[in-house]
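Everything below concerns the one structure shown next.
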Number of protein chains: 4
Amino acid sequence: MENAVKIGVIGCGSVAMGAYLPLVQRLQLQRYPLELVYACDLDASKAAAAQEKFDIKRTTTDFEEVLASDEVDLVLVLTAMQAHGRVARAALEAGKHVLVEKPMSMDLEEAAEIVRISETSKGFLLCAPHVILSETFQEMWRRVHAGDIGQVHLARAFYGWAGPFWGRWYYLPGGGPLFDLGVYNVTSLTGLLGPARRVMAMSGIAIPRREVDGELIDVQTEDNFQILIDFGEATFAVVTTGFTIQRYRVPGIELYGTEGTIQMIGEDWNPQGYELWRNADGCWRVYEQRSLWHWTDGLRHLVECILENRTPIIRPQHAYHVLEIMVKAMESGRDGTAKEIESSFEPPRFDLEHETVAAHLRHDPTREE
Amino acid sequence: MENAVKIGVIGCGSVAMGAYLPLVQRLQLQRYPLELVYACDLDASKAAAAQEKFDIKRTTTDFEEVLASDEVDLVLVLTAMQAHGRVARAALEAGKHVLVEKPMSMDLEEAAEIVRISETSKGFLLCAPHVILSETFQEMWRRVHAGDIGQVHLARAFYGWAGPFWGRWYYLPGGGPLFDLGVYNVTSLTGLLGPARRVMAMSGIAIPRREVDGELIDVQTEDNFQILIDFGEATFAVVTTGFTIQRYRVPGIELYGTEGTIQMIGEDWNPQGYELWRNADGCWRVYEQRSLWHWTDGLRHLVECILENRTPIIRPQHAYHVLEIMVKAMESGRDGTAKEIESSFEPPRFDLEHETVAAHLRHDPTREE
Amino acid sequence: MENAVKIGVIGCGSVAMGAYLPLVQRLQLQRYPLELVYACDLDASKAAAAQEKFDIKRTTTDFEEVLASDEVDLVLVLTAMQAHGRVARAALEAGKHVLVEKPMSMDLEEAAEIVRISETSKGFLLCAPHVILSETFQEMWRRVHAGDIGQVHLARAFYGWAGPFWGRWYYLPGGGPLFDLGVYNVTSLTGLLGPARRVMAMSGIAIPRREVDGELIDVQTEDNFQILIDFGEATFAVVTTGFTIQRYRVPGIELYGTEGTIQMIGEDWNPQGYELWRNADGCWRVYEQRSLWHWTDGLRHLVECILENRTPIIRPQHAYHVLEIMVKAMESGRDGTAKEIESSFEPPRFDLEHETVAAHLRHDPTREE
Amino acid sequence: MENAVKIGVIGCGSVAMGAYLPLVQRLQLQRYPLELVYACDLDASKAAAAQEKFDIKRTTTDFEEVLASDEVDLVLVLTAMQAHGRVARAALEAGKHVLVEKPMSMDLEEAAEIVRISETSKGFLLCAPHVILSETFQEMWRRVHAGDIGQVHLARAFYGWAGPFWGRWYYLPGGGPLFDLGVYNVTSLTGLLGPARRVMAMSGIAIPRREVDGELIDVQTEDNFQILIDFGEATFAVVTTGFTIQRYRVPGIELYGTEGTIQMIGEDWNPQGYELWRNADGCWRVYEQRSLWHWTDGLRHLVECILENRTPIIRPQHAYHVLEIMVKAMESGRDGTAKEIESSFEPPRFDLEHETVAAHLRHDPTREE
């Protein structure tokens, strides 16, 4: 394809194989001009498996080769968390567009440097999670910013599971549920409420030994968190996250305001609509959205931005702010004192109401348009 | 009635008129030997209204008169929160049985003194909230202590509303939602998980001016809280409470363990059963209990203990521990550092399974037995 | 009491002991002028038990004695279903006010005669069920009649359980779940949609032998029903009822219109609010009403009507129409053909919106006003 | 591809474009050997649009050309309902494998003839709906047949919506919601409970004029149904269906037995698990299955059967039985008498429990394996 966006995938684990590469296929079926030119993994057999399943042109075990290639426009950084920062930075410096899975880095200085580079780089930098792109998030944002629930003063967010039984790095420093899961909650809360001022946390290693990839390992980073976030003006949120949670039946996000309440149906990585209480209504309104949004959707957005040469609405400064909150929460969890948040960011806006088909006429949500 | 328990009510506001006195009536209809001998309120018209509506023998505006009366066996302390400690202590010292609404005191030293006195007093001391008496609480306790959800590592509790539009003292120091509402959550969590070790909080005045009893007043105590509680062994709970919440659709109590999850249906002051996930089941089990338990139920329990001369299962030491958590949470909310909890208590046990009618044969839960 | 309404209770089984007599007590506590003067049951020990528990002046085993007594103003007919018609008719003819539990009779001719008598009798006749008095029913009526869901064309109603394990007469001709349970559904549907035109049914004896009052008996009337009701203009309802249902999680009443849907939360004998979909809203609105309405509430209404000398809004003609539908459904279930409904009635109206406290300010629904 | 199954699509409307052809694409991505060789539609522009979007080899407006082609192995009959029978029969006679959307025919004689032909034809005949292939259906079947809810005596099924605003034939004789939607319910109920004995119905035209494809048309077939089905032994089901339903929040399928209840979460054309009450448990068990099953899944099954030369588990005799129930329900709706069902079929069995990953380890149901 002449003008196709040419993609190099770095990291061919479950995130690539089960999520991003299938999305590339779906986008190709929808006639997005995309080509897969590199599958890169430290483990050559994983790169080969990706090549075989998704018809990828080349493989390598050396990510520098991908960055050096003229054939590559866009790099997907899907490695172990601990390598994200280094690879993302190098890819930006090599002039590529970059999508980096969360977290963008484990280190605030490195992250700040990456953000700085992105401000003048040739390529766009898009940092996961992409939650602000979901229809549900944007509808909730509009409700909150239209004043439907008044001034928000309390919020809760929740995301956890039993923890991966693969990928040893999840349990090493730089891994853990906060960077892997809680990052969604922190992104959603700051997306809805704006920059945070202060953070406090309790954290610990709840399950010191786990079986991972068939071996019993020692867990070396916190797997269990309760985090308080102060948004100023007596507005306080809590994020509960852990690899210590088997199942839950609670909203992913809850916001309590002076005139009402809004909460997500489902979770912020897979939202299904929202529920709204307004005192003036005197009832709950339940808006179900069996949306086809997927947590990899940032890739579609980035590709569209590349093709149309417009700036992505997911900003690196937001990702940095989220990272600062998480890093400071880890510190607070260790020393028991509140931490100030120094960074800020300009929250994205979603003011315009978009046109939709009336809900009762969308009979079969599985049907493609 | 010869051997009736004779009751003096101190404080004839909405808690007496709308809850405890109607309970006395219901108990009388059920042939509990109870007599109402004193209605006491600083406002003589309120005492008179109680007398009129509930056929109470005498009224007074002086609580000392109630305590001095030989006619009184049991004193209900239902005053403004700020007076609880003083009245409860004096009543105990006067040899009365005492039921005191929450909190038992605003002050840790006074509370400790009250607990000490209760250890040798002639009368029993029973401190609200009475949540551990509910069928739902006790079933949840049994599930947790039978190991149904494994080792608990995360918990959440929630209780709030828009706040009273009567009773100025709710918004003065010593009032506020933590002592009024959050106290339920802290009692439930410690009842289920045992003594706490540490607490951390964010708190503030979210709504500085309110209309109360028809007047606009300045709020002088925190009306908004997020509180973290450390139970040791990387087990962390959050309590969210405030007069800043319009409505909610979340469980009052959630516990997350290594083998499953249990959460209340409804709230701990008005529970309706529980939901249980066990990994071994692979499903949610929903136990609905349209119970007739009421949050005033401690009075029934106390009367039975008096009549049968046995010790109430709600212990003053538990109430003190809860108070220490709340007082320290207020401190932490002000200085941003974690606080150690010094007290402990022996949690009540509910090991015995009781006989019940199969659920599908309880057709009409409103029908009296 | 000078002007008290003096009550004679005929039938002292579980409906009297567990429901109506406790209601009389509650009403007395609320200062309704009520006196219990007769407890009547064929079984003298049951009459004595009622007398003992509820302080009733006299007992008898002969209902004629109650009807002949000058002391009695109001007769509660709470006997086995098969005796309702005879006792109710005699009570009306004796000049008493009459509350008769459902069904008013087993026989259309007798029922027609009772209605005719009630038109000129000295006393009022009030026939259970009293469902149209519930706040939820009236709110649903207003929604439907305001056109909120457009023209209704489909409806479903549901009420069943495992069946009584006491009271042999439930399983004799004239008993069964349609007269005992389904009668609520048929009353609600006709209350909401108006008079029916036609009925069709399938019915049978699903469980031919049952243990009742400790003995194994042969079931001699249908215990299982699916009933279709035609309201004209292509509007069709189904009523599902049986002593063949262990548990359910579905709305008691569902109405589907051309502009939306409304359905009850809970069941029509114990409603908890409603859910409303309007195409114009594009969301479900959930109105929860933890109401204190009870299925015996017709007694309160009848007492108020007697005291204020106004006509009850529950009309005998409505009860007759419901009875015709049930009797014809039994016939249709036996011969497999549709039956025309000949009677009609003037449905009650509930046009006026009443004043209420905003829902978020009703914090404690258990608290008495 | 050498051994590919070569597909001819007859009818290129929304069912082909929005559902079956996207499924073919997904199957191709999963390496199923499939080729699309013919797009056929009376409207040449629709055939061309399908060709363009799904890379189909040829187009035609003459379905006979497809049947005559040696290149075609499998014919998808996705035309207007009224043409299904004629095309399906001709395709079978031409030696093709046939997947026919519901209903297989509008006429019992034609349908019986098609079934007879299929018994000796070279190709397989697979009739939609394919609901018995869903994981939820099969789990419910296993529960019922393991006796988990005892003997079933009552059932309800529900499926409706506002009705198509395209496709005039939906509102002509042979169209309507029973053949389009209710067919799912009738298939599920007979799949779970076995052959039916008798049927009764109310039906009518509720909305006589509709806007379809931008024009106001006269509706010429019933758009509103309540149908009773007798399964023998006092077991009765109701099916509620119509183009008269805007939205609903009820289970698609409910079964009530002597020991418990089972009901679907979601609807039978898009099930999401099930809820189970067993008296012995005393609780609801909620099994959520966010399955990736789709209502077009019969095509995957048929392709696998063709490739492996084994008989499909969806049997033409079942489809015929379902058709007889529907045709007789239409007759009963018109004359108000019960109709006997003459046909029977051997219900499919799903005895073997299959291996699954524990639910709490299936963290991301959107992730591809």
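Descriptive notes on the structure:
- Calculated [222 nm] ellipticity per residue, helices only, for the protein assembly as shown: -8500 deg cm²/dmol; basis is -39500 (n - 2.57) per DSSP H run with n ≥ 4, divided by all residues, nearest 500.
- For the chain pair C and B, the buried solvent-accessible surface (1.4 Å probe, both sides summed) amounts to about 3300 Å².
- Heavy-atom accessible surface of the stretch B:158-264: percent carbon and sulfur, 1.4 Å: 48
- Prolate/oblate/rounded label for the protein assembly as shown (Cα gyration tensor, a/c 1.5): oblate
- The dipole here belongs to the protein assembly as shown: it is taken about the Cα centre, uses +1 on the Cβ of Lys and Arg and -1 on the Cβ of Asp and Glu, and is about 0 debye.
- Here A:Gly214 yields copy-to-copy label distances, from shortest upward, of 6.3, 6.6, 7.9 nm, the label point defined as 7 Å from Cα along Cα to C-beta.
- Cut-off 17 Å, label 7 Å out along Cα→Cβ of A:Ile217, residues of the stretch A:26-63 by amide N: A:42-43
- Translational diffusion of the stretch D:179-251, estimated by Stokes-Einstein from the Kirkwood radius over alpha carbon pairs at 10 °C in a medium of 1.306 mPa s, is 114 µm² per second.
- Each residue of the stretch D:274-358 gets 212 Å³ once the volume of the Cα convex hull is shared out per residue.
- Relative contact order of the stretch B:5-127, defined on C-alpha pairs under 8 angstrom at six or more residues apart (%): 24
- Equivalent-ellipsoid semi-axes of chain B, from the Cα gyration tensor, Å, largest first: 32, 26, 20
- Heavy-atom accessible area per residue - the stretch A:5-127, 1.4 Å, Å²: 38
- Burial ranking of peptide ranges D:60-72, C:204-216, D:312-324, B:328-340 (average Cβ count within 10 Å, highest at the top): D:312-324, B:328-340, D:60-72, C:204-216
- Taken residue by residue and averaged, Cβ atoms of other chains lying within 10 Å of the Cβ of B:194-204 number 4.
- Percent of beta bridges antiparallel (DSSP, the protein assembly as shown, rounded to nearest 5): 60
- Chymotrypsin sites (Phe, Trp or Tyr not before Pro) restricted to DSSP loop in the stretch A:91-166 with at most 13 other C-beta within 10 Å: A:Phe165, A:Trp166
- Other protein chain C-beta atoms within 10 Å of residue C-beta, averaged over B:10-19: 2.
- The trypsin sites (Lys or Arg not before Pro) of the stretch C:43-79 that meet both conditions, a loop assignment by DSSP and at most 15 other Cβ atoms within 10 Å of the site Cβ, are C:Lys57.
- With both labels modelled 7 Å from their Cα along Cα-to-Cβ, the C:Arg168 to C:Asp364 distance reads 4.9 nm.
- Fraction of the pair-distance distribution of the stretch B:5-127 above 21 Å, Cα-Cα pairs, percent: 33
- Label-point gap, in nm, between A:Thr311 and A:Ala146 - each point 7 angstrom along Cα→Cβ: 2.7
- Using only side-chain charges placed at the Cβ, +1 for Lys and Arg and -1 for Asp and Glu, the dipole size of the stretch C:235-327 relative to its Cα centre rounds to 140 debye.
- Restricting the stretch C:290-325 to trypsin sites (Lys or Arg not before Pro) in coil, as DSSP defines it, with at most 15 other Cβ within 10 Å: C:Arg290, C:Arg310
- Among the residues of B:270-276, the average count of other protein chain beta-carbon atoms within 10 Å of the residue beta-carbon is 2.
- Cβ-placed point charges (K, R +1; D, E -1), dipole of the stretch B:187-296 about Cα centre in debye, nearest 20: 220
- Whole-Å distance, taken between Cα centres, linking the stretch B:77-156 and the stretch A:227-264: 29
- Projecting label points 7 angstrom from Cα along Cα→Cβ for C:Glu340 and A:Thr120 puts them 9.3 nm apart.
The values are calculated or read from the model by the stated rules, or taken from the named source; none is laboratory data. From a predicted model like this one, the values you see are computed outputs, not experimental measurements. Please note: Cβ atoms are built from the backbone with ideal geometry, for glycine as well, and neighbour counts cover all protein chains shown. Areas reflect the complete protein model, heavy atoms only, side chains present, ligands, DNA and RNA absent. Shrake-Rupley method; radii C 1.70, N 1.55, O 1.52, S 1.80 Å.
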